[in-house]
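Worksheet: the structure to be examined is printed underneath.
The values are calculated or read from the model by the stated rules, or taken from the named source; none is laboratory data. Nothing here was measured: the structure is a model prediction, and the numbers come from that model. Note that each Cβ is placed from the backbone with ideal geometry, even for glycine, and that neighbours are counted across all protein chains shown. Surface areas here come from the heavy atoms of the whole protein model, side chains and all, with no ligands, DNA or RNA. Shrake-Rupley method; radii C 1.70, N 1.55, O 1.52, S 1.80 Å.
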Amino acid sequence: TQTMAPAPGDSANPAQLLSAALAWVWAAGMAAMLLYALGSTLLLRRRVATATRCAPGVKQSEAVATPFVLGVIRPTIYLPYRLEEADLPHVLAHERAHIRRRDGAWKLLGFLLLSVYWFHPLLWAAYLLFCRDIEAACDEAVIRDLPEAERRAYAAALLRCSTGHAARAVKPRSAPER
């Protein structure tokens with residue numbers, strides 16, 4: 001009778017050893033990406049835990065630098081206290097467009113794919129471009145029916161919200177990309 005198991009004393013196949021090692025490296029990379037997503041989301045939730053509700057689905061916090069949406073099932077808009085009153089309608093329109101378009105769920109799916117294929121540079125580029133396209137599509141959805149003067153006010157409001165803040169490019173939640 002012959003078995004598939006190697007006989008004692010036989011040397012191991014280097015290809016099998018390499019594939020096993022690469023499988024562990026891939027699993028460790030994927031686990032690191034998912035742990036990063038979980039950790040950053042939990043830290044963000046802790047940071048905005050003291051936010052005050054100012055409207056249904058909208059909260060304000062001093063721990064928030066720029067407006068963003070947090071959550072996929074029950075998304076909540078978080079706004080900084082320093083937001084100018086004139087910018088509020090434009091910022092809320094932008095963030096509500098993210099909610100209507102379910103951008104949080106799409107970004108989560110994109111980040112899950114990035115977590116599986118973390119080693120592939122083209123997927124990193126695709127994810128970054130995907131996040132940029134989400135923002136552009138959201139802006140387009142908001143300004144589609146606005147008159148010229150309102151478009152300028154909308155652009156100025158978004159510019160004021162993004163000035164001086166470097167947004168992290170890779171994140172699993174919906175957050176500002178401006």
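Odds and ends about this structure:
- Selection count, segment 45-76, where residues are in contact with a His (Cβ under 6 Å, 6 or more places away or on another chain) and either at pLDDT 95 or above or of a type in the set (A, V, I, L, M, F, W, C) (or both): 2
- Of all residues in segment 101-111, those satisfying the criterion of being open to solvent by 20 Å² or more (accessible area, probe 1.4 Å) and either without any contact (Cβ under 8 Å) to a residue 40 or more places away in the chain or assigned to a strand (DSSP E or B) (or both) are ARG102, ALA105, TRP106, LEU109.
- Flag if VAL48 is β-branched (Val, Ile, Thr) and open to solvent by 30 Å² or more (accessible area, probe 1.4 Å): no
- All positions within segment 147-160 that are open to solvent by less than 50 Å² (accessible area, probe 1.4 Å) and within 19 Å of ARG100 (Cβ to Cβ): TYR154, ALA157, LEU158
- Hits in segment 18-31 (condition: touching a residue at least 60 places away in the same chain (Cβ under 8 Å) and surrounded by fewer than 15 Cβ atoms within 10 Å (Cβ to Cβ)): TRP26
- Within segment 56-96, restricting attention to residues that are open to solvent by less than 30 Å² (accessible area, probe 1.4 Å) and of a type in the set (Gly, Ala, Ser), the residue that is nearest to ALA137 (Cα to Cα) is GLY71.
- Within this structure, TRP118 fails the test of being in a helix (DSSP H, G or I), closer than 30 Å to VAL25 by Cα and not small (Gly, Ala, Ser).
- Check on CYS138, more than 12 Å from the chain's Cα centre (by Cα) and open to solvent by less than 30 Å² (accessible area, probe 1.4 Å): yes
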